Amino acid sequence: MIKFFLMVNKQGQTRLSRYYEHVEINKRTMLEAEVIKNCLSRSKDQCSFIEYKDFKLVYRQYAALFVVVGINETENEMAVYELIHNFVEVLDKYFSRVVSETLNLYEIFLL
């Protein structure tokens, strides 16, 4: 089961967070800070799965963006790893289409 989903930049700032279990606001900030510190401190040669407290962290880095998912011990890490990649691909396709449509409208107004 997925416990939380985070998108974080290289400076350690959370850009998106979604929790699927109730976590108090003040505990969220502490949790996010510790999770971010653990993920950012690892090299690219290290595994993208981390055991942390009573759950696991699965993360992927895309340029300056880290996507981190907290899961329980029964969840399949590789499936979540692929889920992250599919999520990023969908975002890329959606927003690149929006940008290209915006550029096309911009070009029409320039003519």
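The values are calculated or read from the model by the stated rules, or taken from the named source; none is laboratory data. Because the structure is predicted, anything quoted here is derived from the model rather than measured. Cβ coordinates were reconstructed from backbone atoms using ideal geometry, including for glycine residues, and neighbour counts include every protein chain displayed. Areas reflect the complete protein model, heavy atoms only, side chains present, ligands, DNA and RNA absent. Shrake-Rupley method; radii C 1.70, N 1.55, O 1.52, S 1.80 Å.
Points worth noting:
- Rel. contact order, % - alpha carbon contacts under 8 angstrom, at least six apart, segment 2-107: 26
- Averaged per residue, the chain has 70 square angstrom of accessible surface, using a 1.4 angstrom probe with ligands and nucleic acids left out.
- The chain - percent of accessible surface contributed by carbon and sulfur, probe 1.4 Å: 57
- Evaluating 6.51 cos²θ - 1.76 cosθ + 1.60 at θ = phi - 60° for every residue in segment 13-30, the Karplus couplings come out as 8, 6, 9, 8, 9, 9, 10, 10, 9, 5, 9, 4, 4, 5, 6, 4, 5, 5 Hz, glycine and proline recorded as x.
- Proportion of all alpha-carbon pairs of the chain beyond 22 Å (%): 38
- Longest exposed-site-free window of the chain, the sites being trypsin sites (Lys or Arg not before Pro) in a DSSP loop that have at most 16 other C-beta atoms within 10 Å: 54-111
- Nearest-20 debye value, the chain charge dipole, Cβ charges on Lys, Arg, Asp, Glu: 300
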